[in-house]
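What follows is a short report on a single structure.
The values are calculated or read from the model by the stated rules, or taken from the named source; none is laboratory data. Keep in mind that what you see is a predicted model, and the values were worked out from it rather than measured. All Cβ positions, even for glycine, are placed from backbone atoms using ideal geometry, and neighbour counts span all protein chains on display. Protein only, heavy atoms only, side chains kept; ligands, DNA and RNA dropped before computing areas. Shrake-Rupley method; radii C 1.70, N 1.55, O 1.52, S 1.80 Å.
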Amino acid sequence: MSDTRLARRPGIGSRLSVSFEFFPPKSDEMETKLWETVQRLQPLDPRFVSVTYGAGGSTRERTVRTVGRILKDSRLTPAAHLTCVDATREEVDRVIDEFTELGVRRFVALRGDPAEGVGAVYRPHPEGYTNGAELVAAIRRKGDFDVSVSAYPEKHPESPDFATDIDMLKRKVDNGATRAITQYFFDNDLYERYVERARRAGIYIPIVPGILPVHNFGQVARFSAGCGAHVPSWLADRFEGLENDPKTHSLVAAAVAAEQVLDLVERGVSEFHFYTMNRADLAFAICHLIGVRSEENRPQMVSQAAA
Ligand code: FAD
């Protein structure tokens, strides 16, 4: 009897596409590490790689430099993250120009978190863009760029309810967003329900799941509380007792992420965004599992099985 599972079909990887997220390195050592990661992931031919933008523009120069180097020294297509925090509209517009003069054609448009940190009340700059939707419009006024935005399967912590949350996503789409990338999540049912809500609200852009391979469970658990991502108790159970056992932690992390991604493939998801934390190992292994591989390692298409 043939196996009907989508994730097991030979050639399925050729129907999937991935993107990778990096943060701008703070030191020469971190830059070397990022560059090793870029070179390891490049043969997987990602749709784009994105580079984050620190709170209050704190990484502005490093983000611009990292994006510039990706354009100059790799075959990858960069997407520049940009936020509205602590900047006037003119300042943000200048950063958009700076990126486009470098050759950037893709952006990830975000409101950003308050400079005081996640959880503080967000106060827009009096002369600034107030949210992600206004920033999308500002970028699209400059040209026909590809603009991704955020989406929150468990709703953004500031959203009083899902209706408000979806309404904000709709405003971003109406202003020209071409793709949403989700906050990471560990329960695929939450993602599926969110996508259904968005479709019911007339949102038809791709809503790409953001996948966080868990490099350090302790850090993820602490960080998640503030950003609207629930850490289920079964996940805590899986990592329990591995604080001082990095090898087993890494194997468990690969298994957990693989399980999540393979299940999403079964549910028909064909695009994934990986929060790499500037590390290639887990993202590379998961891509291998779903058949997203370099040209020479690609499994042969079997037309009957892939039909
Ligand atoms: P928005 O989409 O503008 O708003 C988020 C929510 O706040 C809305 O759903 C809405 O409910 C509520 N809200 C906002 N304005 C209003 C209003 N006027 N009226 C009513 N409700 C409102 N942060 C960084 O600093 N740098 C990055 O590079 C970065 N990259 C990210 C990438 C992804 C894929 C994701 C998911 C998040 C990223 N973040 C980044 C985090 C993000 O900046 C925070 O989650 C921030 O709190 C919200 O930004 P946003 O663009 O999602 O906000």
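For this structure, a couple of remarks:
- Of the listed requirements (1) within 11 Å of the ligand (Cβ to nearest atom); (2) in a helix (DSSP H, G or I); (3) not hydrophobic (A, V, I, L, M, F, W, C), Thr100 misses just one: (1).
- Residues (at positive phi and open to solvent by less than 50 Å² (accessible area, probe 1.4 Å)) located in the range 1-56: Gly11, Gly56
- Residues in the range 109-119 that are in a loop (DSSP other than H, G, I, E, B), open to solvent by less than 50 Å² (accessible area, probe 1.4 Å) and near the ligand (Cβ under 10 Å from one of its atoms): Leu110, Arg111, Gly112, Pro114.
- Number of positions in the range 234-251 that are farther than 28 Å from Gly119 by Cα, touching a residue at least 24 places away in the same chain (Cβ under 8 Å) and surrounded by fewer than 17 Cβ atoms within 10 Å (Cβ to Cβ): 0
- Qualifying residue in the range 200-213 (condition: touching a Ser or Thr at 6+ places or on another chain (Cβ under 6 Å) and under 25 Å from Asn278 (Cα atoms)): yes
- Failed item in (1) within 30 Å of Asp263 (Cα to Cα); (2) at pLDDT 95 or above, with Ser14 passing the rest: (2)
- When Arg60 is tested against (1) charged (D, E, K, R); (2) within 15 Å of the ligand (Cβ to nearest atom); (3) open to solvent by 60 Å² or more (accessible area, probe 1.4 Å); (4) modelled with pLDDT of 95 or more, only condition (4) is not met.
- Check on Arg199, under 28 Å from Ser17 (Cα atoms), among the basic types (Lys, Arg) and open to solvent by 10 Å² or more (accessible area, probe 1.4 Å): yes
- Apart from one condition, Ala87 fits all of (1) outside any loop (DSSP other than H, G, I, E, B); (2) closer than 14 Å to Gly132 by Cα; the exception is (1).
- In the range 1-26, the residues that are part of a strand (DSSP E or B) form Cβ pairs under 8 Å with partners that are open to solvent by 70 Å² or more (accessible area, probe 1.4 Å), at six or more places apart or across chains, as follows: Ser17/Arg47; Val18/Arg47; Ser19/Arg47.
- Among (1) part of a helix (DSSP H, G or I); (2) open to solvent by 70 Å² or more (accessible area, probe 1.4 Å), the one test that Arg75 misses: (1)
- Qualifying positions in the range 43-59 - part of a helix (DSSP H, G or I) and either closer than 21 Å to Asp146 by Cβ or in contact with a helix residue (DSSP H, G or I) (Cβ under 6 Å, 6 or more places away or on another chain) (or both): Leu44
- Test: residue in the range 226-233 that is open to solvent by 10 Å² or more (accessible area, probe 1.4 Å), more than 16 Å from the ligand (Cβ to nearest atom) and within 23 Å of Ser50 (Cα to Cα): no
- One residue alone among Gly210, Gly176 is in contact with a His (Cβ under 7 Å, 6 or more places away or on another chain) and surrounded by 15 or more Cβ atoms within 10 Å (Cβ to Cβ), and that residue is Gly210.
- Scope the range 126-173; condition more than 8 Å from the ligand (Cβ to nearest atom), outside any helix (DSSP H, G or I), within 19 Å of His230 (Cα to Cα) and open to solvent by 10 Å² or more (accessible area, probe 1.4 Å); matching residues: Glu154, Asp161
- Helices (runs of 4 or more DSSP H) enclosed by the range 202-293 - at least 1 residues per element that are over 25 Å from Glu158 (Cα atoms) and touching a strand residue (DSSP E or B) at 6+ places or on another chain (Cβ under 8 Å): 246-266, 281-289
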